[in-house]
Amino acid sequence: MNAGIFPEKESLLAHLDSLPPVCPLRIFLGLKCAFCGMTHAFVHLLYLDFHEAYKANALSIPLATGLVLAPLFMLIRYPWRPKLSSRGVVLSILVLGVYAVFRNL
């Protein structure tokens, strides 16, 4: 029995597995997009199971790190503030697209 504030990891993952997929790429083509498996990965990260999080989606650990560090940089008013240019957006989309292709090979 889990005495913490979170439900047991196995029961939470079993519940997630019982839900239908919501990714259109997965539904119609059977392929995994760059974000497929991210919910499972974040559940594993919630329980500090980094290996299983990486297996669920390799982008989960860098994404979680960014989600934690970005507000901290804003909070301390770090002098270097990255600005997202249109070139950065295009590059990000290309990187996610390449990752989505390679994870389905």
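Overview of results
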{"item": "Kyte-Doolittle at least 1.6, axis length at least 18 Å by Cα - qualifying DSSP helices, the chain", "result": "60-75, 86-102"}
{"item": "Candidate values [x] 41, 15, 12; [y] 30, 15, 11; [z] 27, 23, 10, label of the one derived for semi-axes √(5λ) of the Cα gyration tensor in Å", "result": "[z]"}
{"item": "Amide H contacts of residue 103 (H built 1.01 Å from N, under 5 Å, at least 5 apart or other chain)", "result": "none"}
{"item": "Structure-based [θ]222 nm, the chain - -39500 (n - 2.57) summed over DSSP H runs of at least 4, per residue, nearest 500", "result": "-18500 deg cm²/dmol"}
{"item": "Charge dipole magnitude, Cβ of K and R +1, D and E -1 - segment 9-102, Cα centre, debye nearest 20", "result": "520 debye"}
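Computed from the coordinates by the stated procedures, all read-outs in this text should not be read as laboratory data. What you see is a predicted model, and the numbers here were worked out from it, not measured in a lab. Counting neighbours? That spans all protein chains shown, and the Cβs are built from the backbone with ideal geometry, glycine included.
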